[in-house]
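Participant: Structure in structure tokens, see below.
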Amino acid sequence: MVKIRLSQTGKKNRIMYRIIAIDERKKRDGQAIEILGHYDPHMNPPKLIIKKDRIEEWVRKGAQLTDGVKKLYDRAS
């Protein structure tokens, strides 16, 4: 099953996140099927870029959003 979840990037104490579509059995930072957005909580205000159309397409195909991604997606809407 495909999940849409957060993947960590960046440096220590300056972590940023990618919103990715990935097989649920892969590691957190494993090879993503597709990168669907970025989130940087350290900027003021936090920077959030989401490809809504691609996320909706993945959800139609049966992908599930994790709780963290659901919150970010709702904030962007």
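Participant: Would you please name the trypsin sites (Lys or Arg not before Pro) within segment 1-42 that are DSSP coil residues with at most 11 other C-beta atoms within 10 Å of their C-beta?
Facilitator: Here the sparse-neighbourhood loop sites are Lys12, Arg25, Lys27, Arg28.
Participant: Working from Cα positions, state the angle (0 to 90°, nearest 10) between the long axis of helix 67-76 and the longest principal axis of the chain.
Facilitator: Tilt of helix 67-76: around 70 degrees.
Participant: Here is a follow-up. FRET efficiency for Val2 and Asn44, Cβ-Cβ distance as r, R0 = 25 Å, nearest 0.05?
Facilitator: That gives a FRET efficiency of 0.15.
Participant: Follow-up question, since we're still on this one. With the dipole of segment 2-76 worked out from charges on the C-beta (+1 for Lys and Arg, -1 for Asp and Glu) around the Cα centre, which of Gly30, Gly10, Leu65 lies farthest toward the positive end?
Facilitator: It is Gly10, whose Cα lies furthest towards the positive end.
Participant: Loop only by DSSP, 14 or fewer other Cβ within 10 Å of the Cβ. Give me the GluC sites (Glu not before Pro) in segment 1-76 that pass, ordered by residue number.
Facilitator: Passing sites in segment 1-76 are Glu24.
Participant: Just give me a number: lysine pairs in segment 2-76, eight or more positions apart or cross-chain, with C-alpha atoms less than 13 Å apart.
Facilitator: 5
Participant: Pop out the Kirkwood hydrodynamic radius of the chain from its pairwise C-alpha distances, inverse of mean 1/r, in Å to one decimal.
Facilitator: 12.6
Any read-out appearing in this document is the output of simple, stated calculations on the displayed coordinates, not a laboratory observation. On a predicted model such as this, the values are computed, not experimentally measured, just so you know. Virtual Cβ from ideal backbone geometry, glycine too; neighbours counted across all protein chains shown.
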